1. Determine the shape class of the range 27-181: with a ≥ b ≥ c the square roots of the Cα gyration tensor eigenvalues, call it rounded for a/c under 1.5, and otherwise prolate if a/b is greater than b/c, oblate otherwise.
2. How much accessible surface area, in Å² rounded to 10, belongs to the heavy atoms of R90 with a 1.4 Å probe?
3. Past the 26 Å Cα-Cα mark, which pairs from K79/K393; K151/K225; K79/K100; K348/K410?
4. What ³J(HN,Hα) values, in whole Hz, does the Karplus curve 6.51 cos²θ - 1.76 cosθ + 1.60 give for the range 424-433 when θ = phi - 60°, with x put for Gly and Pro?
5. Shape verdict for the range 273-312, please, from the Cα gyration tensor: rounded (a/c under 1.5), prolate (a/b greater than b/c) or oblate.
6. Please tell me which of these pairs span more than 31 angstrom C-alpha to C-alpha: K104/K190; K73/K412; K345/K406; K158/K208?
7. Which of rounded, prolate or oblate describes the range 227-281 when judged by the alpha-carbon gyration tensor and an a/c cut-off of 1.5?
8. If E414, E154, E51 are ordered by their accessible area, calculated over protein heavy atoms with a 1.4 Å probe, which sequence runs from highest to lowest?
Amino acid sequence: MPKKGKKAKTPLSDEEQLLLFQQKLLAEEEMAKKKERLLSQFLKDKLAKEEHNSALNLNKINTQWRTVLREVKTRELHKDIEILSQTFERVVDCKDNVIKSLAKDLSEAEEQYARALRSHLHNVDQLLALQRHRLSLLEESYNMELEALTKEFETERKTIIDQHEKEIHYLQDIFMAMEQNYIDSEYESKLEFQSMWNDLKNMNLEEKHFLRLHLENIVEDLWRKFQDVLKNYTDATEDRKAAFETLQVKDEKSSKEIEVHMKKIQKLQDAITISKGKIMIHSRESEDENRYIRNDKELVLVQLRKLKAQRTQARAASQKNLVKLTLESNATLKALRKIVDKGEKILKLAEICRKFETEEEKVLPFYSSVLTPKEQEGIEENNLEELTEELAKVMVDYTGMENFWKRYNKVKLEQLSLQHRRAQLLDINGKLREMLKQYLDGISVSDEVLSQLNPLFIVNYQSNLPQPLSIPTAHPGDKQHPTT
């Protein structure tokens, strides 16, 4: 009879293994809850301290930011004041230049006026000399005709005196009318000469020639009429020549008296013509002066309108610049507000993220690289070879963000490791659910269960169920390190 040995340890069944695994999970959950409560209490205390510190830091940042904004605003205002002062000086210089140019134009206009006045007076003197010469010629011809008439018509003195006086008055009226017509035409021509200087300059000689021909035609017509009258008179007085000799003595006395009276009349006429000429000259000079003054007034008014238009344009330009400055300042203020809001948002997010930091992250916020120094030097050399000058300048500006990117990469790696761990745990949970379902299906008996895989059917000590995979057990003290 064989000797009985020690009883071998029987292997655990599937149900017992499942119960042991559930017990371990329950123990781990209790430990995790205790740690979570302790950690939540610690985090609450830490959160209160951080909120207090963040409030103090925010007040300090706000005060410093206000001082910076005040300095920036004062610099901008100083620059604006300098720009405005320069623009004002430039405008004043422009106005001074305009005033100088206007004064120069005024002096040139005065010189032109004096030159025109001198030329006008010279022309008037020439015309007066010509008129005096023509009057002297007419006077000589008149005296010659008078002497011939006195010699030829002494016999009929009384009748001839009346007719002679009538003719004298008629000739004087004609002479005055001619003189008046000539004066009027001369006055009109002078007015036209002043208003149309450039147009009538070439026509002056033609107009003088035309006037000379016109006056010669008038004189010829008068002479022809006089000859006709003389012929008629000689024909009518041939019978009276005898009476003329008797009246010759009386005619000599009366002729002397007539000569005396004619000399007096001539002197009076000369005085009248001289006074009339002076009056006309003074009236023309006054009219010319008034016209030049009106022209100067119109020029000054035109320049005043131009200056007013320039002032309105400058005012509109300054108003436009002021509107543009206000719009740009409003845009900068909005941009600064956006930057401030963004900074406050970043600070709030940093405070929220600080609440979820672990003790290790609070002690060591920036992890050290797992690369060896040689590998790190090789990576830096490759990066420097690939970089361009513009990209290097941009990277120099962002060297202060290196620690931020370290923390960001650390969080990103931890996120990826947690996602990988979550996928593993979901896979394990699915397998456990499948095993539990198979176990429950094996306990119960139904047509659906029998039609599927069933652990009750055992052939050659083997079930038709697939063998369970080994499930890794996670200890509470273990921690998943991120892969770098």
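1. Prolate, since a/c reaches 1.5 and a/b exceeds b/c.
2. 130
3. K79/K393; K79/K100
4. Whole-Hz 3J(HN,Hα) from phi for the range 424-433: 4, 5, 5, 5, 5, 4, x, 5, 5, 4.
5. prolate
6. Too far apart for the 31 Å limit: K73/K412; K158/K208.
7. Oblate, since a/c reaches 1.5 and b/c is not below a/b.
8. So, going from the largest accessible area down, we get E51, E414, E154.
The values are calculated or read from the model by the stated rules, or taken from the named source; none is laboratory data. Quick caveat, the model's predicted, so the values are computed rather than measured. Keep in mind that these areas ignore ligands, DNA and RNA; they rest on the heavy atoms of the full protein, side chains included. Shrake-Rupley method; radii C 1.70, N 1.55, O 1.52, S 1.80 Å.
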